[in-house]
1. Going residue by residue through the stretch 251-273, is there one that turns out to be modelled with pLDDT of 95 or more and more than 20 Å from HIS106 (Cβ to Cβ)?
2. Confirm whether VAL396 is buried (at least 16 other Cβ atoms within 10 Å of the Cβ), more than 25 Å from the chain's Cα centre (by Cα), at negative phi and β-branched (Val, Ile, Thr).
3. Where residues in the stretch 359-394 are part of a helix (DSSP H, G or I), charged (D, E, K, R) and out of contact with any helix residue (DSSP H, G or I) (no Cβ under 7 Å at 6 or more places or on another chain), which of them is nearest to ARG304 (Cα to Cα)?
4. Anything in the stretch 217-240 that is hydrophobic (A, V, I, L, M, F, W, C), buried (at least 24 other Cβ atoms within 10 Å of the Cβ) and in contact with a strand residue (DSSP E or B) (Cβ under 7 Å, 6 or more places away or on another chain)? List them, or say none.
5. Tell me the residue from LEU59, LEU37 that is aliphatic (A, V, I, L, M) and more than 22 Å from GLY256 (Cβ to Cβ), please.
6. Inside the stretch 188-207, can you point out the residues that are open to solvent by 10 Å² or more (accessible area, probe 1.4 Å), outside any loop (DSSP other than H, G, I, E, B) and touching a residue at least 40 places away in the same chain (Cβ under 8 Å)?
7. Can you run down the residue pairs with Cβ atoms below 8 Å, 6 or more apart or on separate chains, where the first is in the stretch 211-222 and closer than 12 Å to ILE196 by Cβ and the partner is of a type in the set (Lys, Arg)?
8. Condition (residue is surrounded by fewer than 16 Cβ atoms within 10 Å (Cβ to Cβ) and on the phi > 0 side of the Ramachandran plot) applied to the stretch 137-156: is it met by at least one residue?
Amino acid sequence: MDYERCFSDAIDRLKTEDRYRIFADLERDAQRFPTALWRPEGEEDHPREVTVWCSNDYLGMGVHPDVIEASVETARAHGAGAGGTRNISGTHHPIVRLEAELADLHGKAAALVFTSGWISNLAGISTLASLLPNCLILSDALNHNSMIEGVRRAGCDKKVWRHNDVAHLEQLLAAEPLDRAKLVVFESLYSMDGDIAPIEAILDVCEKYHAMTYIDEVHAVGLYGAHGGGVSEREGLAHRIDVIEGTLAKGFGALGGYIAASKAMVDAVRSYAPQFIFTSTLPPSVAASAAAAVRLLKTSNAERERHQHMARLTKHALRAAGIPVMENPSHIVPVFVGDARKCKAASAMLLDRHAIYIQPINYPTVATGTERLRITPTPAHSEAQVAELVEALVDVWKTLGLQFEEAKIIPLFPRAAKAPAECVYPEMKKAAE
């Protein structure tokens, strides 16, 4: 057996299908976010300054001075690592405090932190479902890979309901005995299209058929709701959801994932999930920085207001230039390309010619033929940088012969919306200037 050949052939297949991913060597500048240094291959000693337009650090909390200080201070006090798994020696006080903050954020009795949002979905869904006798899992068709893997790992019966189609979900639920254990898993905000689930309608149907609910708020926590509890908080529905899952790596700018639920549910996952039992704990410095971000966003709306303003402004400017922005009601700005090769070429041209970093989104992240550039404005981006982005995309679209849309002029601010403060803290103001 030629083992090396097997692996080389597998990589060659990805390259032939234009699915081979190349990572840009970037150094984020904490003082000037969203500016970063790019080190092209072969030119590592001559970095170039670029503007990052695709970060999932949606609010820039990863560079917030209070968040950084919490990390540094805690690392000095407690060291770099956690010392092991929670079951051996890794239950440090910063992670206990973080879990208390997260439970409070979502109005739940308890919370449990994992090393990533991917792991929290894998562990949460698979463990809870496997502990329910004869459980049926009903999963939205566009659920994230981590949720799909959680469903698979559970080993239960499963049914997939059409994306955000509540009537189809009800049809599937109605076909089951009322007393059968049923777990409905879905996301609040789908990050590739930017659409939002009809949460209230889903909950109405689940309650009607006695189904347990599990929502992924990964792309919404920190960003929506009066305290950053996500779309479910914004819509006053969090109390009706059994399990809320989120991440610390996006809106909160740190690392890790979590679930928030009743004490019994959280304790069951803590006690049974191998993904939790056999994994080292997040370091104290990471837990402390995440907790600092959660606390800050519970009381401050300035970051959220500026973020929404920049998302609206970016969509408005791109549509006015005829760039095909995919419609959605969220902060995600997906720009449709529809061709894997041209999507990669557009990304490369933006970086090399215009010093703008936006990774291409191709299969399997999105379906073949729906390739796109996924733009994520932050509070730290400036209006001038939006203008530069539009100019760059127009140039790329013309160069690659990509399709423009008819220019659309829409109101920048919805009725009753107010323009936010120019910037939310000194570091962001410096970046905006």
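1. Yes - at least one qualifying residue is present in the stretch 251-273.
2. Taking the combined requirement at face value, the residue satisfies it.
3. Per the criteria, the residue is GLU388.
4. Matches in the stretch 217-240: VAL218, ALA220, VAL221.
5. Answer to the selection: LEU37.
6. ILE196
7. HIS219/LYS250
8. Within the stretch 137-156, one or more residues are surrounded by fewer than 16 Cβ atoms within 10 Å (Cβ to Cβ) and on the phi > 0 side of the Ramachandran plot.
The values are calculated or read from the model by the stated rules, or taken from the named source; none is laboratory data. These figures come from a predicted structure and were not determined experimentally. For neighbour counting, all protein chains shown are included, and Cβ atoms are generated from backbone atoms with ideal geometry for every residue, glycine included. SASA here: full protein model, heavy atoms, side chains in, ligands and nucleic acids out. Shrake-Rupley method; radii C 1.70, N 1.55, O 1.52, S 1.80 Å.
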